[in-house]
Amino acid sequence: MKKRISGLLIALAMLAIVLTGCSNNDKKEETKDRAEADIEWQMITPKDMKKVLETDDPTDYQIIDIQPEADYAKGHLPNSISVPAYPVDTEELEKIVVDNADDFKEGDNPIYVVCPGGGSGAKRTISLLIDEGIDESRLFIIENGAKKWPYKDDRKLWVTD
């Protein structure tokens, strides 16, 4: 009887070890989406961005446009710098942002990030720029992005190649 109980306990212990090992292998390491980072996202409305474009000297701000190259060629804000990394959701696309970060580090002027929709791509870009040492207080997302930019009929506010 003692041998049976001992054998049963050993079998249960082995089963527990096997199940624990299998369940740990099934759990893939979850990587959190940079767009969900604990950052106070600063937004700028198209109306306020229009004022910046019309009244501020272009040397007093920077615009990072992460649209794909083809979309950027179809239209973008004046004086924007193309960093074609949208949707910034792979290591390769993140590297594009990181490789261009040095161009935006100097100074304390605002940096406006525009993506196609004004959401996750811009947030991921800002998260990376903060990691690269850019003060988050300088970083703004242009609401609604390039697709819904309401001033596309004004050549001073929308550039097409």
Unique residue being over 17 Å from the mean Cα position of the chain (by Cα), farther than 23 Å from Asp57 by Cα and not aliphatic (A, V, I, L, M) when the list is Lys95, Lys74, Lys156, Lys152: Lys74
Out of (1) under 13 Å from Gln67 (Cα atoms); (2) open to solvent by less than 20 Å² (accessible area, probe 1.4 Å); (3) not aliphatic (A, V, I, L, M), the odd one out for Gly117 is which? (2)
Return yes when Ile126 is aliphatic (A, V, I, L, M), assigned to a loop (DSSP other than H, G, I, E, B), open to solvent by less than 50 Å² (accessible area, probe 1.4 Å) and on the phi < 0 side of the Ramachandran plot and no when it is not. no
Residue in segment 41-59 that is open to solvent by 70 Å² or more (accessible area, probe 1.4 Å) and in contact with a helix residue (DSSP H, G or I) (Cβ under 9 Å, 6 or more places away or on another chain) present: no
Being in contact with a strand residue (DSSP E or B) (Cβ under 9 Å, 6 or more places away or on another chain) and either modelled with pLDDT of 95 or more or buried (at least 18 other Cβ atoms within 10 Å of the Cβ) (or both) is the requirement here; does Gly145 meet it? yes
Per the list (1) touching a Ser or Thr at 6+ places or on another chain (Cβ under 6 Å); (2) open to solvent by 50 Å² or more (accessible area, probe 1.4 Å), residue check on Ile63 breaks on (2)
Collect the residues in segment 119-142 that are in contact with a strand residue (DSSP E or B) (Cβ under 6 Å, 6 or more places away or on another chain) and among the charged types (D, E, K, R), keeping them in residue-number order. Arg138
Please go through segment 77-95 and give me each residue that is part of a loop (DSSP other than H, G, I, E, B), surrounded by fewer than 20 Cβ atoms within 10 Å (Cβ to Cβ) and either in contact (Cβ under 8 Å) with a residue 24 or more places away in the chain or of a type outside the set (Ser, Thr, Tyr) (or both), ordered by number. Pro78, Asn79, Pro84, Pro87, Asp89
Among the residues in segment 96-103, are any under 17 Å from Ala35 (Cβ atoms), free of Cβ contacts under 8 Å to residues at least 60 places away in the same chain and open to solvent by 20 Å² or more (accessible area, probe 1.4 Å)? yes
Cβ contacts < 7 Å: first residue closer than 19 Å to Ala122 by Cα, restricted to segment 145-161; second residue polar (S, T, N, Q) and part of a loop (DSSP other than H, G, I, E, B), any location; separation 6+ or different chain. Result? Ala146/Gln67
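The values are calculated or read from the model by the stated rules, or taken from the named source; none is laboratory data. For clarity, every value in this text was computed on a predicted model and none was experimentally measured. Every residue, glycine among them, receives a Cβ derived from its backbone with ideal geometry; neighbour counts consider all protein chains shown. SASA here: full protein model, heavy atoms, side chains in, ligands and nucleic acids out. Shrake-Rupley method; radii C 1.70, N 1.55, O 1.52, S 1.80 Å.
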